[in-house]
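Peer 1: Structure provided below as structure tokens; questions to follow.
Any read-out appearing in this document is the output of simple, stated calculations on the displayed coordinates, not a laboratory observation. Just so you know, these numbers come straight off a predicted model, no measurement behind them. Cβ placement follows ideal geometry from the backbone for every residue including glycine, while neighbour counts extend to all protein chains displayed.
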Amino acid sequence: MEIVVCVKQVPDTTEVKIDPVTNTLVREGVPSIVNPFDKYALEMALQLRDKHGGKVTVISMGPPQAVAALRECIAMGADEAVLLSDRAFAGSDTLATSYTLSQAVRKMGNVDLVICGKQAIDGDTAQVGPEMAEHLGIGQLTYVSTIEFDGEKLIAHREQDEGYDVIEAKAPLVVTIIKLAMDPRLPTVKGTAKAYRMEVPVWTAADIAIDPKLAGLEGSPTLVKRIFTPERRGKGEIIQGDSKEAVDALVDKLRQAKIL
Amino acid sequence: MNFTVSPENEGIRKMVREFAEKKLAPTIVERDEKELFDRSIFDEMGKLGLMGLPYPEKYGGGGMDFVAYAIAIEEISRVDASTSIGMSVHTSLCSWPIYKYGTEEQKQKYLVPLAQGIKLGAFGLTEPNAGTDVGNASTFAVKEGDSYLITGTKVFNTNGGEAEVEVVFTKTNKEAGLKGMSAFIVEKGSPGLSFGKKETKMGIRAAVQREVIMVNAKTPASNILGKEGDGFRIAMTTLDGGRIGIAAQAVGIAQGALDHAIKYAKQRVQFGKPIATQQGISFMLANMATKVEAARLMTYRAAFNKSNDLPYSKEAAMAKLFASDVAMSVTTDAVQVFGGYGYSREYPVERLMRDAKITQIYEGTSEAMRMVIAGSILR
């Protein structure tokens with residue numbers, strides 16, 4: 001099975017700082033990590049490969065330093081990595097990003113599965129995976145928690161608010177992954193040695209036949225009006241006492257507030 | 001001159017830090033409190049490739065250098081010095097003499113499973129009456145047919161009773177002094193080998209140290225390392241390398257304490273501002289950071305020399321002497337930064353202070369380090 005996993009390097013913080021002037025992320029001084037959902041995507045890909053054979057290639061679009069995220073994935077067990085990096089990609093919104101990633105998948109050819117995290121923890125749009133399926137003209141399965149493969153078709157669980165759907169599908173597919181039941185595997189010494197000894201290929205716009213009108217800032221119709229951290233409304237209150245007293249007090253308060 | 005750690009070794013640091021924080025940090029408080037040795041930790045480290053880092057891949061190792069090894073020990077010690085001593089004794093004191101002095105057959109049989117982390121290793125040198133005075137050892141081995149029968153008791157034996165493989169030092173000729181010592185690979189389960197009491201300790205409480213008791217313990221003659229009489233030289237050169245592990249452990253303990261102290265000093269408000277902004281505390285933190293950095297450079301230097309076939313006996317002794325003093329002073333200062341909370345078991349710095357003390361004692365006391373250094377500079 002040939003699997004491509006798309007990963008994004010994101011700032012390691014739950015409260016991302018936004019530049020109030022440009023409305024973009026402040027990246028200075030914030031350590032970078034692999035987007036946690038993408039690590040689950042990689043774990044899923046590695047499990048499928050370990051069980052059914054084939055190869056896992058990780059790709060990322062980003063500045064040259066995003067190679068660190070790809071090396072981390074190699075250290076965890078991915079077979080190959082490609083960085084998509086070009087000034088022409090700068091300023092991409094989700095549409096331009098998904099187009100660029102799709103062009104890289106096209107160039108690879110013969111890809112059975114493209115696996116993405118359900119969303120990145122910085123932008124939280126959850127758009128890139130589904131948009132890639134549209135660009136590639138293949139099916140998509142989103143919010144997936146398990147995948148079984150019987151040699152021909154995939155059977156996946158797609159999480160819903162209440163329960164999950166069991167879906168049968170055929171490759172090629174784009175799949176987006178939620179938090180799995182197990183933690184992503186830890187990097188190994190062998191993987192780490194490989195990750196830092198290998199040359200990670202960098203593909204530019206020319207390498208993947210990018211139409212400049214569809215990539216980077218020019219290919220990005222999204223206009224960001226404002227991004228902000230919502231202010232906390234009111235103070236939280238912790239009700240003390242044993243559980244029965246605390247529950248009674250809570251019910252009283254909810255009644256007073258006319259919530260109950 | 002190049003003081004930069006290679007990207008590959010920084011990758012090892014990142015990898016081991018993730019392992020330590022995810023797998024060791026959540027349980028170390030309980031393991032320390034209850035003196036629990038958890039073998040499954042070493043099994044997992046074996047799977048990740050951490051139990052044979054500096055040995056060639058053909059012997060099941062990671063094919064990395066001793067700087068990578070020092071960094072790995074440092075990162076584990078930053079979180080859990082009990083696990084790092086188990087790893088250090090296994091790697092530096094048990095696997096290394098087999099790698100260096102073993103026959104190809106011995107390497108295949110013992111080094112490969114040790115480096116893969118399938119087997120755990122130990123090192124039996126210290127006896128009740130032979131600490132720094134190694135030559136006073138009374139354990140004795142007599143040859144009988146194609147076996148040696150070993151009799152004697154080893155104490156404070158790290159991984160003792162848990163390890164499947166132990167490098168044991170004995171006299172084989174009582175009249176020949178230090179030249180009458182020999183080294184053997186002894187397997188757990190050998191007839192005549194048993195284990196005595198487990199030490200109850202001030203620090204590194206999640207590591208295990210036991211008595212190893214041998215009464216005519218039967219060991220195949222083919223398990224001798226080198227030949228009869230090589231034991232003292234094997235012990236001394238092995239300990240030279242082991243000291244890099246202990247120096248790295250001391251650096252890691254000190255770094256852990258410093259990291260906790262910095263974080264706490266930024267949060268703790270007294271007199272209306274964080275104590276980190278008080279000069280009394282900030283200067284203390286600056287001194288701590290400087291000491292840790294100096295200890296780290298000495299340790300990496302010794303590890304670099306070992307990796308590059310340069311002399312490292314004096315360098316390793318200096319690194320251990322200095323780094324262990326740094327670990328003691330920095331952890332003591334970290335407790336001071338925390339004030340009353342530092343003395344409480346609610347916070348990790350008191351554990352790090354208890355763990356630090358042993359680094360001035362084992363694998364050669366600070367006094368023994370001065371003997372090694374003086375012997376080297378006064379030659």
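Peer 1: Quick one: A:M61, B:M51, fewest Cβ neighbours within 10 Å first, how do they rank?
Peer 2: Going from least to most buried by this count: A:M61, B:M51.
Peer 1: What is the mean number of Cβ atoms from other protein chains located within 10 Å of the Cβ atom of each residue in peptide A:182-195, rounded to a whole number? Each step should come with its number before you reach the end.
Peer 2: Values: counts 0, 1, 0, 2, 9, 9, 7, 17, 6, 4, 14, 11, 2, 5.
Rounded to a whole number, the mean comes out at 6.
Peer 1: Translational diffusion coefficient, Stokes-Einstein: compute it for the range A:85-161 using the Kirkwood radius over C-alpha pairs as Rh, at 37 °C and 0.692 mPa s, and state it as an integer in µm² s⁻¹.
Peer 2: Values: Rh = 13.9 Å.
Approximately 237 µm²/s, per Stokes-Einstein.
Peer 1: Give the Rg (one decimal place) followed by the Dmax (whole number) of the range B:205-348, computed from C-alpha coordinates and expressed in Å.
Peer 2: 20.9, 72
Peer 1: Return the equivalent ellipsoid semi-axes of the range B:7-115 as a descending list in whole Å, where each equals the square root of 5 times an eigenvalue of the C-alpha gyration tensor. Before the final figure, lay out the partial values.
Peer 2: Values: eigenvalues 118, 53, 22 Å².
Semi-axes (√(5λ), whole Å): 24, 16, 10.
Peer 1: Residue by residue through the range A:209-220, which ³J(HN,Hα) values in whole Hz follow from phi under the Karplus form 6.51 cos²θ - 1.76 cosθ + 1.60 (θ = phi - 60°), with glycine and proline marked x?
Peer 2: 6, 7, 7, x, 6, 9, 10, x, 4, 5, x, 10
Peer 1: Next question, about the same structure. What is the Cα centroid distance between the range B:221-277 and the range B:67-84, reported in whole angstrom?
Peer 2: For the range B:221-277 versus the range B:67-84, the Cα centre distance is 7 Å.
Peer 1: Sort B:78-87, B:249-258, B:143-152 by the packing proxy (mean of other Cβ within 10 Å over each peptide's residues), most packed first. Provide the component values of the computation, followed by the final result.
Peer 2: Details: B:78-87: 28.4, B:249-258: 31.6, B:143-152: 16.4.
Ranked by mean Cβ neighbours within 10 Å, highest first: B:249-258, B:78-87, B:143-152.
Peer 1: Count of lysine pairs in the range B:114-187 with Cα atoms under 21 Å apart, counting only pairs 8 or more residues apart in sequence or on different chains?
Peer 2: Count of close lysine pairs: 9.
Peer 1: If you take each beta carbon of peptide B:58-65 and count the beta carbons of other chains within 10 angstrom, what is the mean? List each step's numbers first, then the result.
Peer 2: Working: counts 0, 0, 0, 1, 5, 3, 4, 0.
If you average over the peptide's residues, the count of other-chain Cβ atoms is 2.
Peer 1: Work out Dmax and Rg for the range B:274-322 from the C-alpha atoms and quote the Rg first, both in angstrom.
Peer 2: Both quantities, over Cα of the range B:274-322: 15.3, 48 Å.
Peer 1: What is the projected area of the convex hull of the Cα atoms of the protein assembly as shown, averaged over all directions, in nm²?
Peer 2: Details: hull surface 147.4 nm².
The orientation-averaged projected area of the Cα hull of the protein assembly as shown comes to 36.8 nm².
Peer 1: List B:I246, B:I98, A:I167 from most exposed to least, where exposure is judged by having the fewest other Cβ atoms within 10 Å. Intermediate values should be presented prior to the final figure.
Peer 2: Details: B:I246 32, B:I98 26, A:I167 14.
Fewest-to-most ranking of B:I246, B:I98, A:I167: A:I167, B:I98, B:I246.
Peer 1: What number comes out for the charge environment of B:A72, summing +1 per Lys or Arg and -1 per Asp or Glu over other residues with Cβ under 13 Å away?
Peer 2: -3
Peer 1: Something else now. Mind pulling up the Rg/Rh value for chain B? Radius of gyration and Kirkwood radius, both on Cα. Don't jump to the answer; show the numbers that get you there.
Peer 2: Details: Rg = 20.7 Å, Rh = 21.0 Å.
Expressed as Rg/Rh, it is 0.99.
Peer 1: Counting other beta carbons within 10 Å of each Cβ, put A:M108, B:M64 in order, fewest first.
Peer 2: Details: A:M108 15, B:M64 25.
Ranked by crowding around the Cβ, least crowded first: A:M108, B:M64.
Peer 1: Okay, moving on. Take every Cα-Cα distance within the range A:105-260, group them into 5 Å bins from 0 onward, and report for each bin the whole-number percent of pairs it holds.
Peer 2: In whole percents, the pair-distance histogram is 2, 6, 9, 11, 12, 12, 13, 11, 7, 5, 5, 4, 2, 0.
Peer 1: If each DSSP helix of 4+ residues adds -39,500 (n - 2.57) and the sum is divided by the residues in the protein assembly as shown, what number results at 222 nm, nearest 500 deg cm²/dmol? Write down the numbers at each step before the final one.
Peer 2: Working: 19 runs with 256 residues, N = 639.
It comes out at -13000 deg cm²/dmol, rounded to the nearest 500.
Peer 1: What's the ranking of B:226-237, B:30-41, B:327-338 by average number of surrounding C-beta atoms within 10 Å, highest first?
Peer 2: B:327-338, B:226-237, B:30-41
Peer 1: Further question on the same structure: Once you charge only the Cβ atoms, +1 for Lys and Arg and -1 for Asp and Glu, what is the size of the charge dipole of chain B about its Cα centre, to the nearest 20 debye? List each step's numbers first, then the result.
Peer 2: Numbers: 46 positive and 43 negative charges, 94 e Å.
About 460 debye.
Peer 1: Report the relative contact order of the range A:2-214, percent, no decimals, based on alpha-carbon pairs under 8 angstrom and at least 6 residues apart. Mind dumping the intermediate values first?
Peer 2: Values: 423 pairs, mean separation 54.9, N = 213.
Once divided by the residue count of the range A:2-214, the mean separation gives 26 percent.
Peer 1: Starting from the Cα gyration tensor of the range B:121-229, take the square roots of the eigenvalues, sort them a ≥ b ≥ c, and report rounded, prolate or oblate (rounded when a/c is under 1.5, otherwise prolate if a/b is larger than b/c, else oblate). Write down the numbers at each step before the final one.
Peer 2: Working: a/c = 2.14, a/b = 1.42, b/c = 1.51.
Verdict is oblate for the range B:121-229.
Peer 1: Between the range B:302-379 and the range B:96-152, how many Å separate their Cα centres?
Peer 2: 26 Å
Peer 1: OK, next. For a Förster distance of 45 Å, can you work out the FRET efficiency between the beta-carbons of A:N110 and B:Q267, rounded to the nearest 0.05? Before the final figure, lay out the partial values.
Peer 2: On the way: r = 54 Å, r/R0 = 1.19.
Result of the calculation: an efficiency of 0.25.
Peer 1: So what are the three principal axis dimensions of chain A from its Cα atoms, in whole Å, longest to shortest?
Peer 2: That gives 64, 49, 39 Å along the principal axes, largest extent first.
Peer 1: Now, a different point. Please average, across the residues of B:12-18, the number of beta carbons from any other chain that are within 10 Å of each residue's own beta carbon, and give a whole number. Show your work: numbers first, answer last.
Peer 2: On the way: counts 6, 1, 7, 11, 4, 0, 4.
Across B:12-18, the average partner-chain Cβ count within 10 Å equals 5.
Peer 1: Follow-up question, since we're still on this one. Structure shown: which of A:K118/A:K194; A:K118/B:K22; B:K34/B:K197 lie over 18 Å apart, alpha-carbon to alpha-carbon?
Peer 2: On the way: A:K118/A:K194 28 Å; A:K118/B:K22 23 Å; B:K34/B:K197 16 Å.
With Cα atoms farther than 18 Å apart: A:K118/A:K194; A:K118/B:K22.
Peer 1: Here is a further query. Which of the peptides A:226-232, A:45-51, A:126-132 is most tightly packed, and how do the rest follow, judged by the mean count of other Cβ atoms within 10 Å per residue?
Peer 2: Details: A:226-232: 7.9, A:45-51: 18.0, A:126-132: 21.7.
Packing proxy ranking, top to bottom: A:126-132, A:45-51, A:226-232.
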